[in-house]
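The values are calculated or read from the model by the stated rules, or taken from the named source; none is laboratory data. The structure displayed is predicted, hence computed values, not measured ones. Cβ: placed from backbone, ideal geometry, glycine included. Neighbour counts: every protein chain shown. Surface accessibility is based on the protein's heavy atoms, side chains included, excluding ligands, DNA and RNA. Shrake-Rupley method; radii C 1.70, N 1.55, O 1.52, S 1.80 Å.
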Amino acid sequence: MTPRRPRRLYLMRHGEVSYFAADGTPVDPRTVPLTAHGRAQAEAAQAVLAGVGIERVFASPLPRTQETARLATAGQVAVEVIDDLREVRAGRLRDIPAAERRDRVATAYHGAEQPGATFLGGEEMAVFAARVTAAWDRLCFADPVPWTCALLVAHDAVNRVILAHLLGCDLSVIERLEQDLAGIAIIDLAEAASPDPVLPSAVVRAMNITAHDLGKAQLRLNSMEWVAQSL
């Protein structure tokens, strides 16, 4: 039987960063680099990605995804930037009452499917999702340069939206699609935007593999709880 899905994409979240200074002051999320632990997480991912034949590497425009991509592939493939896969934009935390702040951050994805829902008072979730899914479809089905195996390093909310899109779900599901730091999903793709109608355009073969902690023994908090505990 002729293979029907010759292409594969590894979808990865960036490694650990710190969004707050030692005194609790927020740091500009557009510029934060990986922590030492985040670099170790990305380097551990090399064991998963070594030998799979990655031809192209994509990342968002933010430094933390590009640094993760370089470390996870040992710098063997140039990183190509996709601007529309930047992370969802949050509002100002100081606009949320201090007594509510941790709970609001920990549950930031709840109700994302509701009309007019925003991410912590920032970008509207429906607009964000449309931006991300359009960029994803262009990458997978309209890129003029052919590829059979690629790595895409993006962000928590970005990857949740992509996975929901592939699974045919609305945004209500994204709070249940955990994306651990440096977690990897493996996605098999059809050859074209209009594949055989009997087969789906993409199949999620694996999700949220964390090479640095395969059994997730140290991973008990979800992503937004992890951010909230730093407040």
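Computed quantities for the displayed model
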item	result
Test: residue in the range 155-163 that is polar (S, T, N, Q), within 17 Å of the chain's Cα centre (by Cα), on the phi < 0 side of the Ramachandran plot and outside any loop (DSSP other than H, G, I, E, B)	yes
Selection count where residues are under 20 Å from GLU87 (Cβ atoms) and open to solvent by 10 Å² or more (accessible area, probe 1.4 Å), scope the range 153-167	2
Which numbered condition ASP23 fails, given (1) on the phi < 0 side of the Ramachandran plot; (2) open to solvent by 50 Å² or more (accessible area, probe 1.4 Å); (3) touching a helix residue (DSSP H, G or I) at 6+ places or on another chain (Cβ under 8 Å)	(3)
Number of the exception - LEU139 against (1) free of Cβ contacts under 8 Å to residues at least 12 places away in the same chain; (2) in a helix (DSSP H, G or I); (3) under 23 Å from LEU9 (Cβ atoms)	(1)
The range 66-78 residues that are under 23 Å from PRO29 (Cα atoms) and at pLDDT 95 or above, paired with ones that are open to solvent by 40 Å² or more (accessible area, probe 1.4 Å) and among the basic types (Lys, Arg) (beta carbon under 7 Å, 6 or more apart)	LEU71/ARG39
Number of positions in the range 81-136 that are of a type in the set (Gly, Ala, Ser) and either touching a Gly at 6+ places or on another chain (Cβ under 9 Å) or on the phi > 0 side of the Ramachandran plot (or both)	8
Matching entry among ALA150, ALA112 (being open to solvent by less than 10 Å² (accessible area, probe 1.4 Å), assigned to a loop (DSSP other than H, G, I, E, B) and farther than 19 Å from LEU181 by Cβ)	ALA112
Residues of the range 33-68 classified as open to solvent by less than 60 Å² (accessible area, probe 1.4 Å) and either assigned to a strand (DSSP E or B) or among the basic types (Lys, Arg) (or both), total	6
Pairs where the first residue, in the range 88-100, is in contact (Cβ under 8 Å) with a residue 60 or more places away in the chain and the second is assigned to a helix (DSSP H, G or I) and surrounded by 10 or more Cβ atoms within 10 Å (Cβ to Cβ), C-beta under 7 Å, 6+ apart	VAL88/PHE128; VAL88/ALA157; LEU93/ARG101
Number of the condition not met by SER194 [criteria: (1) among the small types (Gly, Ala, Ser); (2) over 26 Å from GLY15 (Cβ atoms); (3) at pLDDT 95 or above]	(3)
The range 168-187, residues that are of a type outside the set (Gly, Ala, Ser) and either open to solvent by 10 Å² or more (accessible area, probe 1.4 Å) or assigned to a loop (DSSP other than H, G, I, E, B) (or both)	CYS169, ASP170, LEU171, VAL173, GLU175, ARG176, LEU177, GLU178, GLN179, ASP180, LEU181, ILE186
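For (1) assigned to a helix (DSSP H, G or I); (2) surrounded by 18 or more Cβ atoms within 10 Å (Cβ to Cβ); (3) touching a helix residue (DSSP H, G or I) at 6+ places or on another chain (Cβ under 7 Å), each residue gets a yes or a no:
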| position | (1), (2), (3) |
| --- | --- |
| THR31 | no, no, yes |
| GLN76 | no, no, no |
| ARG101 | yes, no, yes |
| ALA108 | no, yes, yes |
